[in-house]
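Taking it in order: structure first as structure tokens, then the write-up.
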Amino acid sequence: MTDTTDDIAEEISFQSFDDDCRLLGSLLNDVLQREVGTQFMEKVERNRTVAQSACNLRMAGVDDTAQLLDNQLASEISNMTLDEAFTLARAFSHYLNLMGIAETHHRVRKARNVAPLSKSCDDIFNQLVQGGVHPDELYQTVCKQEVEIVLTAHPTQINRRTLQYKHIRIAHLLDYNDRPDLGIEDREMLIEDLVREITSIWQTDELRRHKPTPVDEARAGLNIVEQSLWKAVPHYLRRVSNALKKHTGKPLPLTCTPIKFGSWMGGDRDGNPNVTAKVTRDVSLLSRWMAIDLYIREVDSLRFELSMNRCSDRLSKLAHEILEEETSFDDRHESWNQSLSRSQMKLHSQQAPPLPRQLPARADLPSCTECSGGGSQYPRLDLPGKDYKQLNRQDGQGSSSDSLFQNLRMSLPNGSSANSSSAQSAMMPRSASFNSSQILAQRKLFAESQMGRSSFQKLLEPRVSQIPGISPYRIVLGNVKDKLMKTQRRLELLLEDLPCEYDSCDYYETSDQILEPLLLCYDSLQSCASGVLADGRLADLIRRVATFGIVLMKLDLRQESARHAETLDAITRYLDMGTYSEWDEEKKLEFLARELKGKRPLVPPSIEAFQSYHHFDWKLPDGMAMEEMDIEGQIWENSLKHNMVEVAPDVKEVLDTFRVAAELGSDSLGAYVISMASNASDVLAVELLQKDARLAVSGELGRSLSWWNVMVGYSDSGKDAGRFTAAWELYKAQEDVVAACNEYGIKVTLFHGRGGSIGRGGGPTYLAIQSQPPGSVMGTLRSTEQGEMVQAKFGLPQTAVRQLEIYTTAVLLATLRPPLPPREEKWRNLMEEISKISCQNYRSVVYENPEFLAYFHEATPQAELGFLNIGSRPTRRKSSTGIGHLRAIPWVFAWTQTRFVLPAWLGVGAGLQGVCEKGHTDDLKAMYKEWPFFQSTIDLIEMVLGKADIPIAKHYDEVLVSESRRELGSKLRRELLTAGKHVLVVSGHEKLSENNRSLRRLIESRLPYLNPINMLQVEILKRLRCDDDNHKLRDALLITINGIAAGMRNTG
């Protein structure tokens, strides 16, 4: 009875999905009728109908007739002109993208209509309390939970950002269309909006014409925060807080956030020479700028909302202090303006004295610098405003206007350097007299200055009452906004490499500084019985600051261990200690331990000097006058050149990265990830380089020695040994790490570097976390979200809230109710045997068969993927053409395009078959039912097998692969059938994806559009390999790659 009810509910739910698909498909048809004509649209519909009929026949088991229809479709496609093939590929690609939007909306709608929602905070908290967990234990565990989601720039997002925005707009319109109160006119207007969006999509180029830079990738990550996560986080935290209050009696503390965000975008330099120290600095500053910009918007809205007068004594006192300070500033400002006016009038009737022929002594030093023999001989000019740098002027040489010009020159907002000759010539004309145009220029400079802009800003905002006790919240929040705007301006100057002379009291450096006045406002409202106001927009802003901090997402730095060894090689060779990389592990550890305990700098001064000289970041020695610059500066430069040691660019880049890390500080940076680390020395080498960079600033990267992050990598291990073996070896490795850390009293956070596809460790979040080894998730977790999965999981606020809840509840369950270990040692032995057979089978095909590499290049579009321009890094770590140096993403991406998805299942069938033939079938079935890790591994492989399509993969072989290698393809297809057969035996399912009817239904709905695009890709590849300079053919191929990625819902 339950199954029947579920089936009815599923049909009702899918009815709405089908309605959305029909609506979007119909509107796209209407747009294409106008854009490409009726005749071509008849051909599109004929191809879709043939593909649909073939799919229906195959699902009914009539394979022979289905194959005849497939052959008919392939024949028609092969006779198309290039223009027709190009347009057909675009049409079907957009159909699939629109279906993807409808699928996402279907999931959002389904989650919204189900109560209680499975895996939600309310659902899991209730299960735990009912299962015997004490409410206090539940409360403490949630409050101490530390989950960090790290967004990466791995090149798997195929859609341009422009199209992503348009897709989001359509999703919002579909959501609006669900409203039951829409009138006829409203619905007609909604249809018109949808038509406009679809027309805009069709007329937009789908392809990226240039590779993105690392900064472009970082901006894409920041856009995810702005468009979705910024809205989702307060909603998610409200859900957590409400569920906690319901089940424990206490809400979530205001500044407590179980989830935070990190980023690799602009920090991941492993194998990507485009990520430099400057890129890392710029990305971090840009992230700060975006955070401040978002806070300014929220504070503006909050000022409008908090208009009440009643407040606490502390807040009233602070508001009075702010008013007094502003009044004092206004008085000085007005007095200065009057003085400026009088001086301007004098300029028309008197001539200014000639400019000095040479600069006075010590003119290169700041005015506040005291002379060695006493006070400065030049009196200070007292200008109003904290943002102005005080300058000296010589008595009798120039008026106050001259000093004003100099002052404005020191803080130009337009990007000019304070010492640039162009700025000097523009604002200090050779003419001895000032004319009206100069006065206009002076006024323009004042208007562009910080003071001028702040004066203009007052015209745009309502005047804050000067009466004590009136609108105290607005006064305090207005002060917060002013400080945020100065912080933003300072970041702009830093990004433009311009002089920045802000007082540290005038801008925010940490999130705690922003939180302080906000919490004061919150406490004031609570004390005045206005808790309902305090828990609204103000609480949301406080929670945003607690979650996103000062940088939105802390930036991880990632580098290959060999690069650190090269850096230490340069240092030890310079110190005549030999070559570090040639030492054995014991000698390396001895050297590293000694240097870590020592107090002297690691990097020799001559290398330091070279670094500074290379960046032209040197300064004249103290006491040197400006007129001595030419002679003494040349002597100093020649001395530096004589003594400095030139280092390799790669070494210089590593040292620069650590220096930038020290400059940015701990509020900006997360973990330092060492890829390809295999020894203790690989870790200690980074500790030593960090220590040297921390001589001036301490504590930038990493945690203390009592808490370690250990990264678990899935991509390369899967490519090296196959999916099954990689999963089992990583499971054992996590057990060993947890055991070692427990032995030495070290807390560990496992950092899971999962990709989007199953072959790279991807899969449903909840399933992945629940299948970890017992004790490996103890309230902490780090995990990457990559490429297209970032948009899929966090692109819309509704889906983002759902994903954040799933992370929270999955980690909570794994902490309080850890997954079961293998019931008996026999199960571990069976896993070892399956893994051994699986790995041997996988490597015998991929690495030991001499024909496989050529087969791979012929049967897939791997060589053409580089034209997609979807990432800033190269597709290979080295120039070799072998599988070993190919990155995991194009390896998986290429097989996903052909619908063979080989990396996810190759070797699995052989391993399961080998154990079953020895009589262990019942053991495997018991393992599937009782061991979460084994169950999730089998379920993920089954899900991939459900997406694989043997007839399509066979079509690639028949058209593209040399006849001598087609037997290899046939053998691999037989292995795919073997894998499917034994997976079903272990799971007990009658057919693939039986336990996930929704997924099976969604996949089937895409096939009438997906199959023709695959056939188009085969035909275009065939033509392109005979005419590889044909750019139109290449574009058509890239369109098919986009379409197949949309249909498969993942890339690499």
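Observations on the model:
- Of the solvent-accessible surface of region 157-205, computed with a 1.4 Å probe over protein heavy atoms with every protein chain present, carbon and sulfur atoms account for 49 percent.
- Cα gyration tensor shape for region 824-1048, rounded if a/c is under 1.5, else prolate or oblate: prolate
- For region 741-748, backbone phi angles converted through the Karplus equation (6.51, -1.76, 1.60; θ = phi - 60°) give residue-by-residue couplings of 5, 5, 4, 9, x, 9, 7, 10 Hz, Gly and Pro being listed as x.
- Spatial separation of Cα centroids for region 984-1008 and region 796-825, in angstrom: 24
- Heavy-atom accessible surface of region 202-241, averaged per residue, reaches 39 Å², computed with a 1.4 Å probe.
- Apportionment of accessible area to carbon and sulfur, region 824-1048, percent (1.4 Å): 48
- For the residue pairs 211/231; 144/231; 588/691, the alpha carbons lie more than 19 Å apart in 211/231; 144/231.
- Taking region 824-1048 as the region of interest, the number of lysine pairs whose Cα atoms are within less than 17 Å, with members eight or more places apart or on different chains, is 15.
- Centroid-to-centroid separation of region 514-570 and region 877-951 [C-alpha atoms, Å]: 41
- Between 840, 940, 984, the Cα set farthest toward the positive side of the dipole of region 824-1048 (charges on each charged residue's Cβ, about the Cα centre) is that of 940.
- Prolate/oblate/rounded label for region 118-233 (Cα gyration tensor, a/c 1.5): oblate
- Solvent-accessible area per residue for region 824-1048 (1.4 angstrom probe, square angstrom): 37
The values are calculated or read from the model by the stated rules, or taken from the named source; none is laboratory data. Since the structure is predicted, the reported quantities are computational estimates derived from the model, not experimental observations. Cβ atoms come from the backbone with ideal geometry, glycine included; neighbour counts cover every protein chain shown. Heavy atoms of the whole protein, side chains included, go into the accessibility calculation; ligands, DNA and RNA do not. Shrake-Rupley method; radii C 1.70, N 1.55, O 1.52, S 1.80 Å.
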